[in-house]
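K.L.:
Please find one structure pasted underneath; my questions will follow.
The values are calculated or read from the model by the stated rules, or taken from the named source; none is laboratory data. Computed from a prediction, not measured in an experiment: that's the story for all the values here. No Cβ is skipped: glycine too gets one built from the backbone with ideal geometry, and neighbour counts run over all protein chains shown.
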């Protein structure tokens, strides 16, 4: 009667484990100030232009003349057009608004997209990886058995210090390839030539790339692609996911988008048509007031305000990265990404360092092993705290880390 695949998945979720450990620590140390640089929630309030749009949309809901009930499952035209121009047109990429599907978060979209593919479709992920890609495919029954921290039918593309935390190409054919850039959790990016290599690989091997670009707005280097559709041929082999959560503080409002090009087909079947059918059946659309708020991001004042928030978090990221490097700890990310990734000092494994950092500096980070087997012995710090919290955390790190180097 039950879906047995759920029983194979580890019972606890990475961030739930972290919350339990932190909660227990705070119970026994109520006077200690715990600094959270772990989970990627934002701390700045919504941009004034977004708040104004929310108020306007709520007022519209109070009048029968402007009330909006059920909307189109694909998203309102005004937001799809704004995304097409504001995310793609500005970088010289042509995406038809009809190819954009508005969702309620990239977590939902990347978790649900696997429904378009057969249960025997083979899957590859960069390792370490955002857990949702793996868990959603495990729930669908694609990944085999879970033993000793790995899935028997999942292809792990190990990203290590030796290869610059860049995924190697699969050694065997895979149907689906998940790529996330700027990367969560490592904070690394792909160059244009590296991304071209992945598009070429997919075209020659009949693979589909599921490209998560949730952190695209944090890219400051103009030579780094913000969209996989900047690469010739990508429309034939790739879907792309975007999100307003981190770029505009919508972690509570929930709004995202998925691009499914109309020419993207598998075995002669349109994935655009399939995703449209899936959304029309299982999704009633993102709320009108949220979509109005998201559209405000693309106004002149909205762009300035959102960019100020992004710059704020990037300043935090630079502080963290520089503190690690200054303490002799090799780190990546933090320049075109809000995440900083590094090897645990003192030969500690990921959870040992988590406990050490919590108990000795009252700093909460994210154990790398929670993102996959290649993350063991690694650690992630997030720049989404306040500047004051980040500055204090950096001070504590600078006092603690030199004693652990090695």
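K.L.:
Inspect all residues belonging to region 152-163 and state whether any of them is in contact (Cβ under 8 Å) with a residue 60 or more places away in the chain, under 21 Å from residue 307 (Cα atoms) and surrounded by 23 or more Cβ atoms within 10 Å (Cβ to Cβ).
P.N.:
no
K.L.:
To continue, here is another question. Of the residues that sit in region 255-279 and are out of contact with any helix residue (DSSP H, G or I) (no Cβ under 6 Å at 6 or more places or on another chain) and part of a strand (DSSP E or B), which one is surrounded by the fewest Cβ atoms within 10 Å (Cβ to Cβ)?
P.N.:
If we take residues in region 255-279 being out of contact with any helix residue (DSSP H, G or I) (no Cβ under 6 Å at 6 or more places or on another chain) and part of a strand (DSSP E or B), then 269 is surrounded by the fewest Cβ atoms within 10 Å (Cβ to Cβ).
K.L.:
Oh, and also: Would you check which residues across region 353-364 are in contact with a strand residue (DSSP E or B) (Cβ under 9 Å, 6 or more places away or on another chain) and part of a helix (DSSP H, G or I) and list them? Show your work before the answer.
P.N.:
Kept after step one, since they are in contact with a strand residue (DSSP E or B) (Cβ under 9 Å, 6 or more places away or on another chain), are these residues of region 353-364: 353-354, 357-358, 361-364.
Within region 353-364, 353, 354, 357, 358, 361 qualify.
K.L.:
Within region 183-208, track down each residue that is in contact with a helix residue (DSSP H, G or I) (Cβ under 6 Å, 6 or more places away or on another chain) and assigned to a loop (DSSP other than H, G, I, E, B). It would help to see each step written out before you state the result.
P.N.:
Filtering region 183-208 down to residues in contact with a helix residue (DSSP H, G or I) (Cβ under 6 Å, 6 or more places away or on another chain) leaves 185, 199.
If the condition is that a residue be in contact with a helix residue (DSSP H, G or I) (Cβ under 6 Å, 6 or more places away or on another chain) and assigned to a loop (DSSP other than H, G, I, E, B), then 185 is the only one that fits.
K.L.:
Filter region 19-47 down to residues that are in contact (Cβ under 8 Å) with a residue 60 or more places away in the chain, part of a helix (DSSP H, G or I) and out of contact with any helix residue (DSSP H, G or I) (no Cβ under 6 Å at 6 or more places or on another chain) and give me whichever is farthest from residue 363 (Cα to Cα).
P.N.:
Only one residue tops the list, namely 21.
K.L.:
Go through (1) over 30 Å from residue 79 (Cβ atoms); (2) buried (at least 21 other Cβ atoms within 10 Å of the Cβ) and name the single condition residue 388 misses.
P.N.:
Every listed condition holds for residue 388 apart from (2).
Per-residue answers, yes or no, for (1) without any contact (Cβ under 8 Å) to a residue 24 or more places away in the chain; (2) more than 18 Å from residue 42 (Cα to Cα):
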position	(1), (2)
273	yes, yes
285	no, yes
291	no, yes
313	no, no
316	no, no
355	no, yes
371	no, yes
379	no, yes
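K.L.:
While we're looking at this one, here's another question. Of 252, 242, which residue is outside any helix (DSSP H, G or I) and surrounded by fewer than 18 Cβ atoms within 10 Å (Cβ to Cβ)? Write out each step before concluding.
P.N.:
Working: 242 fails: surrounded by fewer than 18 Cβ atoms within 10 Å (Cβ to Cβ).
Criteria check complete, one pass: 252.
K.L.:
Considering only region 347-367, I want to know if a residue exists there that is at negative phi and under 16 Å from the mean Cα position of the chain (by Cα).
P.N.:
Step one: filter region 347-367 for residues at negative phi, giving 348-361, 363-367.
Going one step further and asking which of them are under 16 Å from the mean Cα position of the chain (by Cα), we end up with 366.
Yes; the residues of region 347-367 include at least one that is at negative phi and under 16 Å from the mean Cα position of the chain (by Cα).
K.L.:
On to the next question. Looking at the structure I just gave you, is residue 329 surrounded by 15 or more Cβ atoms within 10 Å (Cβ to Cβ), modelled with pLDDT under 95 and touching a strand residue (DSSP E or B) at 6+ places or on another chain (Cβ under 9 Å)?
P.N.:
Values: surrounded by 15 or more Cβ atoms within 10 Å (Cβ to Cβ): yes; modelled with pLDDT under 95: yes; touching a strand residue (DSSP E or B) at 6+ places or on another chain (Cβ under 9 Å): yes.
Taking the combined requirement at face value, the residue satisfies it.
K.L.:
For region 8-52: of the residues being loosely packed, with under 12 Cβ neighbours inside 10 Å and at pLDDT below 90, which is nearest to the chain's Cα centre (by Cα)?
P.N.:
Out of the qualifying residues, it is 16.
K.L.:
Right, another one. What pairs can you find where one residue is in region 107-119 and free of Cβ contacts under 8 Å to residues at least 24 places away in the same chain, the other is not in a helix (DSSP H, G or I), and their Cβ atoms are less than 8 Å apart, with a gap of 6+ or different chains?
P.N.:
Here the result reads 119/141; 119/142, each pair linking region 107-119 to a residue that is not in a helix (DSSP H, G or I).
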